[in-house]
1. Would you mention how many residues in segment 65-83 are closer than 24 Å to Leu29 by Cα and open to solvent by less than 50 Å² (accessible area, probe 1.4 Å)?
2. Could you grab the pairs with beta carbons closer than 6 Å, sequence gap of 6+ or different chains, first residue in segment 199-218 and within 27 Å of Trp65 (Cβ to Cβ), second one β-branched (Val, Ile, Thr)?
3. Considering every residue within segment 71-81, establish whether at least one is of a type outside the set (Gly, Ala, Ser), within 18 Å of the chain's Cα centre (by Cα) and on the phi > 0 side of the Ramachandran plot.
4. Quick one: in segment 203-221, which of the residues that are modelled with pLDDT of 85 or more and not hydroxyl-bearing (Ser, Thr, Tyr) is least open to solvent (accessible area, probe 1.4 Å)?
5. Of the residues Gly119, Gly56, only one is within 24 Å of Tyr217 (Cβ to Cβ) and in a helix (DSSP H, G or I); which?
6. Just a yes or no: is a residue in segment 57-64 among the acidic types (Asp, Glu), modelled with pLDDT of 85 or more and open to solvent by 50 Å² or more (accessible area, probe 1.4 Å)?
7. Can Leu86 be described as open to solvent by 20 Å² or more (accessible area, probe 1.4 Å), assigned to a helix (DSSP H, G or I) and farther than 30 Å from Gly130 by Cβ?
8. Within segment 130-146, does at least one residue satisfy the condition of being over 30 Å from Gly32 (Cβ atoms), open to solvent by 80 Å² or more (accessible area, probe 1.4 Å) and at pLDDT 70 or above?
Amino acid sequence: MEQAPIRSELWRGIKGCIPVLLGIIPYALVLGAQAAQKGLSVIEVPLMTGLNFAGGSEFAAIQLWTSPPHIVLIVAITFLVNSRHLLMGAAIAPFLRHLPKRKVLPALFAMTDESWALGLADAKERAERGLQPAFSLPYYLGTALVFYVAWVAFTTLGAALGPVLGDVEAYGFDMAFPAVFLVLMAGMWKGFAAARPWLVSLVVAAVTYLVVPGAWYVAAGAVSGLIAAYVLAGDEA
């Protein structure tokens, strides 16, 4: 089947990510403001968010930031928080096999929870419709590039406005973070049976968060979810 033009697929990705983008902007401002309150300059904030580009680990790093910073601790926590990308990459890998590594690796650098969820959902929908290749790289890049530019731009704006706004969490902006993930989960909902690994991961992560200091709850939730998915898949076989 003839593939859609690259430009139209890019535009489809840009349009498709706008509802999620509106939820990203508030917590980008929160991160930028918190970074400024920790002493990072308006130049240092976009360097951090542009080179690392992983919101969860950036929030964790800022919470641990001291002067001078504990680099080893921050690197370790960043690895733990970003460990979920191992599972995300494994889930999307079957849809990338037709692409050369020179295209896959830059695309994976720009992978966030939001672009991954949108790209994976779109690939599954295209596969059900018989479209090949199921994974549309231009669509995915349309979403990923918008998220990247917006994230860097609004974290920088948050850093610039942080001293003026004061405690931005008082405005409720931090609620945008869980709201975005709830929307993404709703879009991927396939019934309670398919959601059981999510529930296991949620419970284990919550308990670990309450009893173990640090960001170990991220790794605990990811590993328990993976084990639950494997065991429950064996039960259904």
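1. 7
2. Close Cβ pairs satisfying both conditions: Ala215/Ile77; Ala215/Val81; Trp216/Thr208; Tyr217/Thr208; Val218/Val81.
3. Among the residues of segment 71-81, not one is of a type outside the set (Gly, Ala, Ser), within 18 Å of the chain's Cα centre (by Cα) and on the phi > 0 side of the Ramachandran plot, which makes the answer no.
4. Ala205
5. Gly56
6. no
7. It is true that Leu86 is open to solvent by 20 Å² or more (accessible area, probe 1.4 Å), assigned to a helix (DSSP H, G or I) and farther than 30 Å from Gly130 by Cβ.
8. Yes.
The values are calculated or read from the model by the stated rules, or taken from the named source; none is laboratory data. What you see is a predicted model; the values in this text were computed from it and never measured. Backbone-built Cβ (ideal geometry, glycine too); neighbour counts: all protein chains shown. Side chains included, ligands, DNA and RNA excluded: accessible areas come from the protein's heavy atoms. Shrake-Rupley method; radii C 1.70, N 1.55, O 1.52, S 1.80 Å.
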